[in-house]
1. Look at region B:493-519 and say how many of its residues are surrounded by fewer than 23 Cβ atoms within 10 Å (Cβ to Cβ) and closer than 15 Å to B:ALA540 by Cα.
2. Which of the residues spanning region B:79-104 are in contact with a Ser or Thr (Cβ under 6 Å, 6 or more places away or on another chain) and either over 30 Å from B:MET151 (Cα atoms) or outside the structural domain of B:ALA46 (by TED's automatic domain parsing) (or both)?
3. Considering only region B:553-592, state which residues are of a type in the set (Val, Ile, Thr) and at pLDDT below 80.
4. Every residue in region B:141-166 that is touching a Lys or Arg at 6+ places or on another chain (Cβ under 9 Å) and free of Cβ contacts under 8 Å to residues at least 40 places away in the same chain, please.
5. Just one of (1) out of contact with any Lys or Arg (no Cβ under 7 Å at 6 or more places or on another chain); (2) not assigned by TED's automatic domain parsing to the domain that holds B:VAL454 trips up B:GLY401, so point out which.
6. Quick test of your reading of the structure: A:MET184 fulfils all but one of (1) modelled with pLDDT under 75; (2) over 30 Å from B:GLY226 (Cβ atoms); (3) not small (Gly, Ala, Ser). Name the failing condition by number.
7. Kindly list the number of the only condition in (1) at the interface with another protein chain (Cβ under 9 Å from one of its Cβ atoms); (2) buried (at least 18 other Cβ atoms within 10 Å of the Cβ); (3) at pLDDT 75 or above that fails for B:THR239.
8. Filter region A:252-275 down to the residues that are part of a helix (DSSP H, G or I) and within 8 Å of chain B (Cβ to nearest Cβ) and list them by number.
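The values are calculated or read from the model by the stated rules, or taken from the named source; none is laboratory data. Computed from a predicted model, the values in this text were never measured in an experiment. Positions of Cβ are backbone-derived with ideal geometry, glycine not excepted, and every protein chain shown enters the neighbour counts.
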Amino acid sequence: MRNILSSARKYIGYLIFAPISIMLEVILEVYIPRVMTQLVDVGIPSHDLSVVAHFGLIMIGMSLLSLVAGTLATYLSSTGGIGFGTELRKTVFDKIEDFSFENIDKFQASSLITRLTTDVNYIQNGMMMFTRVVFRAPFMMVMAIIMALRINRRLVKIFFVAMPIILIGMVLVGYFAMPLFKKMMEHFDKLNQTVQEDLTNIRVVKAYVRGDYEKKRFSETNYNLMESSIRIELLMSAMTPIMMMIIYGVTVAILWNGGQMIIYGEMTTGELISFISYIMQILMGLIMIGMIFVNIVQLRGSINRINEVLNDKITLNDGKENWKVEEGSVEFRNVDFAYSADSEEKVLKNINMVIKPAETIGILGSTGNGKTTLVNLIPRLYDVTNGEVLVSGHDVREYKLKELRDNVAMVLQQNVLFSGTIKDNLKWGDANASDEEIMQACKYAQAHDFIMSFPDQYDTELGQGGVNLSGGQKQRLCIARALLKKPKIIILDDSTSAVDTATDSLIRKALHEQLSDTTTIIIAQRVASVLEADKVAIIDNGRIVDYDSPENLLKHNEIFQEVYYTQMKGVEENAA
Amino acid sequence: MPPRQMRKPEKPAQVWPNVKRIMSYMTDKVWILVIVFFLEVAGSLAAVAGTYMMTPIINDGITPLIGTNPEAEQLRPLLNMIILLVVIYVAGALFNFISNVIMTRITNHTLNRIRNDLFFKMETLPLSYFDGHTHGELMALYTSDVQMIRMAVSSGLTQVMHSASTAIFTFAMMVYISPIMTLTVIALMVVMVFITRFISSKSIDNYTKQQAAIAKLNGYMEEMMGGQKVVKVFTHEPTVKRTFNDINETARKASTRANVYAGVMGPITNNLSHVNYAVAAMMGAWLVAQGTIGLGNLASYLQYTRSFSNPVSQIMQQFNSLMSAVAGAERIFKVIDMEPEVNEGKVTLVSATYDENSNFVETSERTGLWAWKRPLEDGKFELIRLRGDVKFNDVTFSYDGKKTVLSDVSFYAKPGQKIALVGATGAGKTTITNLINRFYDIQEGEILYDGINVKDIEKDSLRRSLGIVLQDTHLFTGTVKENIRYGRLDATDEQIVEAAKLANAHEFIKMLPEGYDTMLTGDGSNLSQGQRQLLAIARAAVSDPPVLILDEATSSIDTRTEALIEEGMDNLMAGRTVFVIAHRLSTVRNSNAIMVLDHGVIIERGDHDDLLEQKGQYYKLYTGQFELD
């Protein structure tokens, strides 16, 4: 909770002054009925227009003042509450930006999005309500109690009998309603999920003619949702009349007792009427507090989810040394890796490997054997479990992350382009890149030609996720973006899978000839992509089973031979 | 794909027809609604009466006894009146309770029906509908639009009934006491209505702006959360934080403005009604001085002024939410009123067998033999054996009626043949398969399936005869077993395991924590893309269709695994007509016919060797001299 509240710091002024203006509004609100009574009890019987005008004008003045106070309170609490939500969203977002890959894997994008949107909004609305109502209700109660006490102490006792009954009632409702409410929310999520899945799978549904099956599934969840919401709403609708009965009971008791007091001259009629209206205000305040309580309990889920993010320990921090990456050498020393500390299954086992500066290295192996994991360790996207990874002679954990990652460019398998122009996207590699540099990088990545074929060329707007490009075009832009970093080491993790072989080989040729000082590491499905490498590492089951030149591998490595012959056979025969 | 349309914020085009339609969903028994109406009226009558009782209690029960030191007997009238008050209160609470209980049921049944109708209709809509709308837009129908109807139906309606009848009763009392005073109150009310309307129009404006700002903010967050790993790799965190901060701040300002305008409504109406009261009191005092009305009347009149302005401002505040509920309902009804997929075909798919006399006859058992059952003019049926012979005759097609995607495409897939479609993205490969199963209808030419025009085949039958594995494999929440069984609902566990083995998925499924009973989350995110594709292949295998369409079905499976499942795939394809779309040419090499598509036209056709000999586009593709994008 403290975590979350610290986001209120910037708007603390608004959040403090909002209750103050609310108090002013409440004071006026409590006084206005009194003036009203005086207007009726004193002003009108006096038959003196000036007296009526006196009270009338006081009342108008107070109303206008109360209007100003109320407006001010709305302004302050909206500004404060939304400001708080904005800051909270920023805190959470910034925290996520600082997440390591391990943290990101743990949460997953979709769940982070829900936290940033739905959960933050709930808390923000909670805060706005908090500033508006939380101070209003108790203060209103205190004021009303004071006024009621001033009128008649003995009658207040009735109210003190009613209060615990109301409190117990509210606790009981909370106790019974909470589980029902949770159940309903679960069914609601389930319904959304069913629709969402049906929409993403619509082609499958239609192709397999499963419309009726889907309808059945949907009506079941829909029915469950209806049943569970009826249950909670019935409970709630039973509560309202019960609360009303309590309030009415108090009113009647006061009328009976107060009426007798009037008869015995202990109280006046006007006092009794005001007294009843004050008791109403007190009880309303109490009910409002109950509502807040229920709301805050509902917020608990959101608060927990936000706290999970804020309290998650960032597993990867900047190194202490100011090393510079001087050259592109990489060394793995006895590296073991497991994705979580307690998992027994190691993804990488005892990896030892030396890559010299400017070498081109291929990595080959079946899916799920640890190729991506291996290269992820070089820009320190994850930390090794045992052993060490050295870049340019220093342990990667000693570098500042920016220095390391700026020099070790990585083109991810699941790559993403962002909305904006092609140029905007490329500038991720180097914000200050000149047009010539951008064009040069795109030529190396074989992206220049297709970019120039667009009407807006480098200023072509990409939709979210680069939707208007083909898979191969996206991949080439991602390579160009990485090249713009002018890295010492570039890692291509299956980055040309959607690019045809000819273009693929042109890219490799450009890297080889134009960026001959850059160490290049290529993970590929296609054996052709690694044939010109200096060395190829064969990964199987988390181990490097062979690390040699392609020529030698072709002679003695079975896995390499197998892949080579299945993929290259036809081409060689026919191209020959 | 056809372009998407954006949805703009809108007011309902028609109010009454939609309101009536919502009402028709609420109940088919109108008398229930009438009862609710009377309960609400009775409830508000009780509230008005409760307030009214105060006057006789004080005037007749208490005042005469002041200073008399009364006997218990003399307190009787007071006690009686208080008991009457209790009765009124209890009755009022009871009316409210009953009305609430009824309305809770009505509301939830209404929403249940609307949601069912919406979903059921959606299931029958053509694919072009889904292409034209984002998932977010469609989901909004189920969430925010239905939610708005809920508010309108559950609280809005009864509240309006309640407020309206309270206002009417109070108004009647006011007119009864003093018509002249009532005129002043009305005049002041009109002023109030104008002020609130001004504020609410401002508030709607700002609300629209807020929605736009929040949409932008959410869009940015979504994009960045999805691209988080790229952000890290490029150490772009500071820039992203800065941009986010700007967008976040813009949204903050817009939201604050919208909230302030919406929030000031309460204090303004509330305090204006106080002003109203004071003005009425002064006016009344002047009238009393003139002798136009009596003093006692003024006091109770003022009491009514107070209880009149409350329901009126409540109705005004309800109005906006009622309007947006009607707009939401209109959007939903628009979907419900849409034309379902055309399905005029009469030819159905049946299981068939040869009886003892070697006659080809229909059977209710699943024999693995299929036949088209075609109605004849004389009311009898003709059985045509399903062989999987597909013929395109001069097919021309466009998604939107403007841009031609396929022009004059003709080809012939003989039963049991493997036909490959090769070409760049957007050349029309997937479109061809979408036309075979009639996801879309062609504009010119004809598609014949075993000699029958696909338009004459009932759609469900047509699709049941085709198995399809798509490039983007989405799975359903449920167990692995349930996901495979989706291909054939009555498949036994053995058949499922067999299909999984065929697709080479059995190995990895066994390794999952609970094997075939492992729950797959949301989009199957606990599986790799390749594993998902293997499951999709198993799903197609278990459905055992006569004709198979593989649209980049192995694109995410590495070549080693692909080599491993080759045998299984060959088994799967054996004896079926298969359409293969593949990027990797090694996958299509052994096809009977390969068609190279370019911009919707078949530019080359033949088998692998023919095409290499032609030394055309395919040769260039295959030898890596040409790019496939």
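1. We begin by selecting, within region B:493-519, every residue surrounded by fewer than 23 Cβ atoms within 10 Å (Cβ to Cβ); these are B:493-495, B:497-498, B:501-502, B:504, B:506-508, B:510-519.
Filter once more, keeping what is closer than 15 Å to B:ALA540 by Cα: B:495, B:497-498, B:501-502, B:504, B:506.
Total meeting the criteria: 7.
2. Hits for region B:79-104: nothing passes.
3. Step one: of region B:553-592, the residues of a type in the set (Val, Ile, Thr) are B:554, B:557, B:559, B:561, B:565, B:577-578, B:580-581, B:587-588.
Once the filter is applied, which keeps residues that are of a type in the set (Val, Ile, Thr) and at pLDDT below 80, region B:553-592 yields B:THR554, B:ILE557, B:THR559, B:THR561, B:ILE565, B:THR587, B:VAL588.
4. Within region B:141-166, just B:TYR142 meets the criteria.
5. Unmet condition: (2).
6. Failing condition for A:MET184: (1).
7. Going through (1) at the interface with another protein chain (Cβ under 9 Å from one of its Cβ atoms); (2) buried (at least 18 other Cβ atoms within 10 Å of the Cβ); (3) at pLDDT 75 or above one by one, B:THR239 breaks only (2).
8. Initial filter on region A:252-275 (part of a helix (DSSP H, G or I)): A:252-263, A:269-275.
Those that are part of a helix (DSSP H, G or I) and within 8 Å of chain B (Cβ to nearest Cβ): A:VAL252, A:LEU255, A:TRP256, A:GLY259, A:GLN260, A:ILE262, A:ILE263, A:THR269, A:LEU272, A:ILE273.
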